[in-house]
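The values are calculated or read from the model by the stated rules, or taken from the named source; none is laboratory data. The structure presented is a predicted model; accordingly, all values stated were derived computationally and were not measured. Neighbour counts run over all protein chains shown; Cβ positions are idealised from the backbone, glycine included. Just the protein is used for accessible areas: all its heavy atoms, side chains included, with ligands, DNA and RNA removed. Shrake-Rupley method; radii C 1.70, N 1.55, O 1.52, S 1.80 Å.
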Amino acid sequence: MSAGSGAVGAGRRLVRVASPLAALGVWQLLTSYDVELWLRFQQFPTVVEVAAALGDRIGTEAYWQDLGHSLRRIAVGFLLAAVLGVAAGTAVARSRWAADVLGPLVEVVRPIPAIALVPVAILLLPTNEQGIVFITCAAALFPVLVSTRHAVRALDPVWEEAVLTLGGSRARVLFSVVLPGALPGIFGGLSVGIGVSWICVISAEMISGEYGVGYRTWQDYTVVDYPGVFVGMATIGALGWLTSTAVEALGRRVTAWLPRPATGVRTSGTAGSAGAALPAAPSAAPPPSTSPSAVRRPEKEPVP
C-alpha cells in the first residue's frame, strides 16, 4: 500500500468518525437552546439526557431481556426468510412451472407491507410471539426471493452448458454453478432483507408485542419518557447496523473465491444482478474464451 492510499484511507476513517459526532453536536446545541425555526426542539431531550438514560437502562435486567427477545425474533424470522427466499427464487428462475405457479402470487403479495399482515398473523397464529416471527419472515422474504431470481437468471449459460456437456446432472449444475454464481446477488438481497426485518419486527412489537425493544420504546412514549424513547431508537439503529454489517461481512467471506476488480477501479454489474451491497463480487465471471458481449446477454428464460 502506498503512502498516498494510506493517507486517503485515514482521511476517510476520520470523516466517518467526525460525521456522527458533528450530528450529535448540532443536536445538543439545538435542544440546549430550545431552537424553534419551523422545527421545534423545545421538547426534544438533549444528547446528555439521552446518554444518561442509556447508562441507566444498560444497568437493568429488563434492557437486556428486551434485546434478547428482539434478537431471537430477528434470528428465527430472518433465517426462515433466507432459506425460503433462496429456494423459491431459484425455483422461479429455473423452472417455467414454478414461475407460472409462484410468480403471480409473489407479484400480488410483494407490494403489501409486512406490517399490514399483523391482523393476518393474529387470526392465523396462536401466540403473539409466533405472529411477530411470521411478520419478520415476511418482511425479509421478498427482497431475498427477488434478488435471488434476478441473480440466477443473469448467470451466463455457458457454465451450465459446460457442466452438462461433461455429463453433469441438473443437481450438479445447481450446486456447482447456479448457487455459487448467484451468491453476490443473494447476499445483496439478504443485506436488504435484514434491514427491512428490523423495521417490521420493531413495528410488530409496538403493536402486539410483549417485551422487546419496540415494545419498550412504545411504553416509554406512552408515559412521556422521551429520553427513553431515544434510547430505544439508538438501540434499534445500533442493532440494525451490526446485523447488516455481519451479513455483508459473511457475504464477502463466502464469495472471496470470486474474481475481484483491481483496487480503486469502479465496475458496473449486470442489469439483473441484485448484489449492490457487495460491489466487489460480480454475479458470474465469464470464461476466458467468452466474448465481451456474452456477459451482457439478456436474462434467460426458466427451463421446465
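Structural remarks
- Annotation note: Cβ proximity below 8 Å between a residue of region 100-115 that is free of Cβ contacts under 8 Å to residues at least 12 places away in the same chain and over 22 Å from Ser197 (Cα atoms) and a residue that is open to solvent by less than 70 Å² (accessible area, probe 1.4 Å) and of a type outside the set (S, T, N, Q) (sequence gap 6+ or interchain) occurs for Gly103/Val92.
- Each residue in region 43-61 was checked for being open to solvent by 40 Å² or more (accessible area, probe 1.4 Å) and touching a residue at least 40 places away in the same chain (Cβ under 8 Å), and 6 of them qualify.
- Per-region count, region 44-77, residues part of a helix (DSSP H, G or I) and either touching a strand residue (DSSP E or B) at 6+ places or on another chain (Cβ under 6 Å) or within 30 Å of Ile135 (Cβ to Cβ) (or both): 22
- Per this entry, Thr217 is not counted among residues that are touching a residue at least 40 places away in the same chain (Cβ under 8 Å) and either out of contact with any Pro (no Cβ under 6 Å at 6 or more places or on another chain) or open to solvent by 20 Å² or more (accessible area, probe 1.4 Å) (or both).
- Residue list for region 96-115, restricted to those being farther than 15 Å from Ile202 by Cβ and either of a type in the set (A, V, I, L, M) or in contact with a helix residue (DSSP H, G or I) (Cβ under 8 Å, 6 or more places away or on another chain) (or both): Ala98, Ala99, Val101, Leu102, Gly103, Leu105, Val106, Val108, Val109, Arg110, Ile112
- Residues located in region 220-232, provided they are open to solvent by 70 Å² or more (accessible area, probe 1.4 Å) and either touching a His at 6+ places or on another chain (Cβ under 7 Å) or closer than 16 Å to Val48 by Cβ (or both): Tyr226
- So Phe187, is it aromatic (Phe, Trp, Tyr) and free of Cβ contacts under 8 Å to residues at least 24 places away in the same chain: no
- Scanning region 9-23 for residues that are open to solvent by less than 90 Å² (accessible area, probe 1.4 Å) and farther than 24 Å from Gly232 by Cβ yields Gly9, Ala10, Gly11, Val17, Ala18.
- Answer residue from region 70-95, given it is of a type outside the set (A, V, I, L, M) and touching a Gly at 6+ places or on another chain (Cβ under 9 Å) and is farthest from Ala238 (Cα to Cα) among those: Gly89
- Residue check for Tyr211: hydroxyl-bearing (Ser, Thr, Tyr), part of a helix (DSSP H, G or I) and farther than 27 Å from Val106 by Cβ: no
- Within region 24-42, residues that are within 17 Å of Tyr226 (Cβ to Cβ) and open to solvent by 50 Å² or more (accessible area, probe 1.4 Å) have Cβ atoms under 6 Å from residues that are charged (D, E, K, R) and not in a helix (DSSP H, G or I) in these pairs: Gln42/Asp34, counting only partners at least 6 apart in sequence or on another chain.
- Glu210 being surrounded by 22 or more Cβ atoms within 10 Å (Cβ to Cβ) and of a type in the set (D, E, K, R): no
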